[in-house]
1. Can you list the strands (runs of 3 or more DSSP E) found entirely within the stretch 78-144 that contain at least 2 residues being under 14 Å from the mean Cα position of the chain (by Cα)?
2. Yes or no: Pro72 more than 17 Å from the chain's Cα centre (by Cα) and in the same structural domain as Ser138 (by TED's automatic domain parsing)?
3. Looking at Gly12, Gly53, can you tell me which residue is at pLDDT 50 or above, part of a loop (DSSP other than H, G, I, E, B) and over 15 Å from Lys139 (Cα atoms)?
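The values are calculated or read from the model by the stated rules, or taken from the named source; none is laboratory data. What you are looking at is a predicted structure, and each value in this text was computed from that prediction instead of being measured. Note that we place each Cβ from the backbone using ideal geometry, even for glycine, and neighbour counts take in every protein chain shown.
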Amino acid sequence: MPGTGQQLDAVGLGVQPTPQFLAETVTGCSVTPDVVVAYPSRNPRGLERETGGQFTLSQNYPNPYVGETTVPFALAHGGDVKLDLFDAAGRKMAGIARKSMAAGAHTIGLNLSGLGLPPGNYLYQLQVTNSYGVYRQSKTMTAD
């Protein structure tokens, strides 16, 4: 808070921005000279920033693949899961939603030809929504 000398934590930036960088990238707030902004050099809890430790997304297998592939993931806590598939241009091509999945290891199978999608490079994004928040992580796959 201004005037208190309180240190503000900016976890997740992963850089040591200059005041000019802050002025160019932060909108809707102001930083006064008596506010100290700290930028930690590493994640303080050792958690992956995207997932918050709520899940682990592994690489699909086989990759590259013809026909079907499997996307493995593990949930630390139960929650709703959504797997979205994007083409190389960033357009959403398909999505799968699973409600109330339990904690533990899971897989989702994908068949691009069954979805009517041509061979190519795709990005898959897993989104987990639970009582701790919404978390996402993406990986790439290749369909031959």
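1. Answer list for the stretch 78-144: 79-87, 120-130, 133-143.
2. For Pro72, the condition - more than 17 Å from the chain's Cα centre (by Cα) and in the same structural domain as Ser138 (by TED's automatic domain parsing) - is not met.
3. On inspection, the qualifying residue turns out to be Gly53.
To keep it simple, each residue is scored yes or no on (1) surrounded by 13 or more Cβ atoms within 10 Å (Cβ to Cβ); (2) in contact with a Lys or Arg (Cβ under 7 Å, 6 or more places away or on another chain); (3) free of Cβ contacts under 8 Å to residues at least 60 places away in the same chain.
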position: Leu110; (1), (2), (3): yes, no, yes
position: Gly114; (1), (2), (3): no, no, yes
position: Leu117; (1), (2), (3): yes, no, yes
position: Asp144; (1), (2), (3): no, no, no
